[in-house]
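Student: Mind looking over this structure? Questions follow.
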Amino acid sequence: MRLRLMADSRFTRHKKTFLVLVLAAMLIPATVFAAYHHQGESDSGKFLETYPDITGTKLDHCALCHSGGEVVKKSVTIKIGSCQWCHDTYGYHPPHGDIALTMNAYGNAFKAAGRDSEAVTFINSQDTDGDGHTNAEEIAARTFPGDAADHPGLTPAPARVYTKAQLKALGAHTQFLHMNTSRSGDFYGEYTGVPMKTLLDDAGILPAATGITVYALDAWSQTHPLNYTEGGEMYHVYGNMPDSDEQYPQGTYNYNAQADDANDGGWCDYSAPSCQGRNHGDLIAVNGGLKAILAYAREGADLDPGILNNENKLDGEGPFRLVVPQKNPSAPDQLSTSDSQEVVWPYVNEWDHNAGACTRSLTFIKVEPLPEGTTDVDVYEAGWRFVDEEKIVIYGAIDGTDSNGNGILDSEEKGTDPQSDMDGDGILDYLDTNCAQFRHTNGNARVGLFCSAGDLAQVEALRDSDGSVPQANKPAGVTFPYGVFNYKITGLTNGQTVTVTFVFPEELPANAKLYKIDVTNGWQPIDFIKDGNNQIKVSLTDGGPLDADGEADGTIIDPAAIAVSSDTSGGDSDSGSCFIMTLFK
């Protein structure tokens, strides 16, 4: 699934606009929370006083005034983001470093002008980063005025959107490991998720990629190199340990009653079901070895969705958490904030505290560096929607080729059969402008469609519960095995009629129905012709009742969904069962 880059009228009729989730103008929930701001920090408020419309965009972030930086580990230079760079420079414990070293040109200009709301206005006419655009122009374009590499005129970076069901279908990896923290309490537990290498390969990671930056729903960010790098904060997500065929080394189960938080003064949680039957000193066996994973479950249950508590701090860890094991396995050491360090495992700053790099409630994964001529995504705060809808975005240094211009990147459309030619016209589907193949939202099998005339555009798959999908008249007692598929047919003559053919990955049950969806009528069943076991045909007329915009303008908009009755009795139970089972292949 590709992330939509601009607003469209896919669910509109007669000028009634239904806002959709887009990259350039994503919806903000009714209760708006600020992006990641330190408790007690007031500078961001000064900026938002002047530019309230910036709330929730990428500029509502520490990176407005703070730069990323570079750290050198064993002669290797690693770039890290603004959050990580500030913590690395300032430090977690006294004596602290100079935070001014993390300021970018815009931050320094803001500070020099008085560090108040008037200062924001005063420096509007300046070009603090020297990229040829004033600060006011950059802010209007949602580009960083303190970063010369980000400026008006760039296009959004290539992006892919994954649902939880799609991630699960990529292949699950389960691992028991030690999560070692500095201040919040250690624990042992079992996480399940998709290996990051598998996910990045599926998204079409480019050879030029060097690492990833992950963003939590509150816009906290953490940078990870692709390959092994020396340094406690540098947890790799793609390659293996040096001279090893495993990504991370095997761990050891370390238990001591003094450390057990079930006892007074303890600091490590050993209560997880996966801890049962283990003894101190046992090697931890993990099928396939320890890996960096995008986790969606802990102890077999879905991760609790992240929320902001009354102190504006993140609680929960789901629906997705990046989990990286220890590069240098250790016992669970005492909290760094504890006054009681005369214990079996006192706090040791140099030990591997991997839990701090296991970012919770991920919404965006940026593959570094951004391709030339592209800019960062515009909105981070829409992550709240992504948490609710259990989706995650991967963007940046991934293959952005869309050969037929239908909105589905070639890396998805080719799938396992790049030679596919559904309509038999001699043109491969991923090159054919009247064809599209895309993953449905409930797994990794692909749905295909082709039209008898015109070109397909803005093809996408959505969950039936997606916030952008109207819910009026939605049928009850049915399932939507493929979610909702939305597309446009362009290049028609006004009022032209076309035939659209849908190709499904398995035989459709006899009780399957096709629903048309729009804002005016909600969900309405429509007629179709079954053409074989897994194909249906629909006739659509530009400006007709099945064209969502209702206008004879040369473009047909057709959001639709297949519904299957939850009651598979009546002679179709066997094929219906097979149908459901194959969805997740």
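Student: Given a Förster radius of 41 Å and the C-beta distance between ALA476 and ASP53 as r, what FRET efficiency does 1/(1 + (r/R0)^6) yield to the nearest 0.05? Spell out each step's value before the answer.
Tutor: On the way: r = 40 Å, r/R0 = 0.97.
So, using R0 = 41 Å, E works out to roughly 0.55.
Student: Please list 3J(HN,Hα) in residue order for region 403-418, calculated via the Karplus relation 6.51 cos²θ - 1.76 cosθ + 1.60 where θ = phi - 60°; whole Hz, with x for glycine and proline.
Tutor: Residue by residue, region 403-418 yields 4, 9, x, 8, x, 9, 5, 4, 4, 8, 6, 5, x, 8, 9, x Hz.
Student: ALA208 versus ASN494, label points 7 Å from Cα toward the beta carbon: distance in nm?
Tutor: Each label point lies 7 Å from its Cα, and together they span 4.5 nm.
Student: For ILE212, enumerate residues with amide H under 5 Å from its amide H, sequence gap 5+ or separate chain, H modeled in the peptide plane.
Tutor: The answer is HIS224, LEU226, GLU368.
Student: Same structure, new question: Averaged across orientations, what area in nm² does the convex hull of the alpha carbons in the chain project?
Tutor: On the way: hull surface 119.2 nm².
Averaged projected hull area, Cα only: 29.8 nm².
Student: If R0 is 22 Å, what FRET efficiency do you get for ALA140 and THR401 from their C-beta distance, rounded to 0.05?
Tutor: Values: r = 31 Å, r/R0 = 1.39.
FRET efficiency, ALA140 to THR401: 0.10.
Student: Between LYS111 and ILE526, what's the calculated FRET efficiency when r is the beta-carbon distance and R0 is 41 Å? Round to 0.05. Intermediate values should be presented prior to the final figure.
Tutor: Details: r = 61 Å, r/R0 = 1.49.
E between LYS111 and ILE526, to the nearest 0.05, is 0.10.
Student: Would you mind counting up the charge near ASP260? Only other residues with Cβ under 12 Å from its Cβ, with Lys and Arg at +1 and Asp and Glu at -1.
Tutor: Numbers: positive: none; negative: ASP186, ASP261, ASP264, ASP269.
Combined, the nearby Lys, Arg, Asp and Glu give -4.
Student: Moving on to the next point. Tell me, what HN-Hα J-couplings in whole Hz come from the Karplus equation 6.51 cos²θ - 1.76 cosθ + 1.60 at θ = phi - 60° for each residue of region 178-194, using x for Gly and Pro?
Tutor: After applying 6.51 cos²θ - 1.76 cosθ + 1.60, I find 8, 9, 9, 9, 9, 10, 9, x, 7, 7, 9, x, 10, 10, 10, x, 9 Hz.
Student: Now, a different point. At 222 nm, what value in deg cm²/dmol follows for the chain if DSSP H runs of at least 4 each add -39500 (n - 2.57) and the sum is divided by all its residues, to the nearest 500?
Tutor: Working: 10 runs with 72 residues, N = 585.
Helix-only estimate at 222 nm: -3000 deg cm²/dmol.
Student: OK, next. So how much slack lies between ASP315 and GLN341, counting 0.36 nm per residue of separation and subtracting their Cα-Cα distance, in nm? Let's see the in-between values first.
Tutor: Values: separation 26, 0.36 × 26 = 9.36 nm, distance 2.76 nm.
In short, 6.6 nm is gained.
Student: Can you give me the relative contact order of the chain as a percent, contacts being Cα pairs under 8 Å and 6 or more apart? All intermediate terms of the calculation are to be shown ahead of the outcome.
Tutor: Working: 1383 pairs, mean separation 87.3, N = 585.
About 15 percent, as a whole number.
Student: Take peptides 267-273, 440-446 and line them up by average Cβ neighbours within 10 Å, highest first, as a rough protection proxy. Before the final figure, lay out the partial values.
Tutor: Working: 267-273: 18.1, 440-446: 23.3.
Packing proxy ranking, top to bottom: 440-446, 267-273.
Student: Based on Cβ point charges of +1 for Lys and Arg and -1 for Asp and Glu, what charge dipole magnitude is obtained for region 401-582 about its Cα centre, in debye rounded to the nearest 20?
Tutor: Numbers: 10 positive and 28 negative charges, 101 e Å.
Using Cβ point charges on Lys, Arg, Asp and Glu, region 401-582 gives about 480 debye.
Student: Beyond a 28 Å Cα-Cα separation, which of these cross-linked pairs lie in this structure: LYS391/LYS516; LYS474/LYS537; LYS197/LYS474; LYS197/LYS537?
Tutor: On the way: LYS391/LYS516 24 Å; LYS474/LYS537 22 Å; LYS197/LYS474 38 Å; LYS197/LYS537 39 Å.
Long pairs (Cα-Cα over 28 Å): LYS197/LYS474; LYS197/LYS537.
Taken together, the values in this text are just the output of simple stated rules run on the coordinates, not laboratory data. Just so it is clear, the structure is predicted and the values come from calculations on it, not from any experiment. Cβ coordinates were reconstructed from backbone atoms using ideal geometry, including for glycine residues, and neighbour counts include every protein chain displayed.
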